[in-house]
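Asks: Structure incoming, see below.
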Amino acid sequence: SRFETCWPALMKDSHGVIIIFNPELPSHLKEIEMWYSCFVQQQPLLDNQCLLVAHHKPGSAGDTENLSLAYPLNKLKLIHSNLEEDPEDVRMEFIKYFRSIITIMNESREREEMSIIS
């Protein structure tokens, strides 16, 4: 895509990646593999630093709730967002995700400080 030249700048010093996709589009299911490869595996970030969000548009089929993704995407935390039905649920999941990222950042900072001390 025309934004690929910007990717290194976007990735620099990032601590987490959220990939939002439309589970009803087969093209999106292929694309998220590429996003995961570029933004998570090549960084490298841990799988728990990545959140997948299957976003269901208003009035969409909704039978994609039991979406099964292939390896390695099936190792990632996947949430379904439907802002019509349950915005609060999505908000809570985001808060949990951000808390986990902050914990990871704090742990890595403590490790760096310890390595400087020792």
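Asks: In degrees from 0 to 90, rounded to the nearest 10, what is the angle of the helix 26-36 Cα long axis to the longest principal axis of the chain?
Replies: Taking the Cα atoms of the chain, the angle to 26-36 is about 0 degrees.
Asks: Another question, then. With a 1.4 Å probe and every protein chain left in place, work out the accessible area per residue of the chain in Å², rounded to a whole number.
Replies: On a per-residue basis, the chain sits at 69 Å².
Asks: Further question on the same structure: How high is the relative contact order of the chain, in percent, counting Cα pairs under 8 Å that sit 6 or more residues apart? Don't jump to the answer; show the numbers that get you there.
Replies: Details: 99 pairs, mean separation 27.9, N = 118.
So the answer I get is 24 percent.
Asks: If you roll a 1.4 angstrom probe over the protein chains with everything in place, what fraction of the accessible area of the chain belongs to carbon and sulfur, to the nearest %?
Replies: The value for the chain is 57 percent carbon and sulfur by accessible area.
Asks: Something else: Here is the link list: Lys30/Lys75; Lys12/Lys96; Lys30/Lys96. Which ones come out longer than 20 Å on Cα distance? Before the final figure, lay out each step's value.
Replies: Working: Lys30/Lys75 16 Å; Lys12/Lys96 23 Å; Lys30/Lys96 27 Å.
From Lys30/Lys75; Lys12/Lys96; Lys30/Lys96, over 20 Å: Lys12/Lys96; Lys30/Lys96.
Asks: Still on this structure: Which of Lys96, Lys12, Lys77 moves most in a GNM of the chain, Cα contacts under 10 Å?
Replies: Looking only at Lys96, Lys12, Lys77, the largest GNM fluctuation is found for Lys12.
Asks: OK, next. With the convex hull built on the Cα atoms of the range 7-117, state its orientation-averaged projected area in nm².
Replies: Mean projected area for the range 7-117: 8.0 nm², to one decimal.
Asks: Still on this structure: Using only DSSP helix segments of four residues or longer, with each worth -39500 (n - 2.57), what per-residue ellipticity at 222 nm results for the chain after dividing by its residue count and rounding to 500?
Replies: Only helices count here, giving -13000 deg cm²/dmol.
The values are calculated or read from the model by the stated rules, or taken from the named source; none is laboratory data. This is a predicted model, so every value here is computed, not measured. Quick note on the areas: whole protein, heavy atoms, side chains included, nothing else; ligands and nucleic acids left out. Shrake-Rupley method; radii C 1.70, N 1.55, O 1.52, S 1.80 Å.
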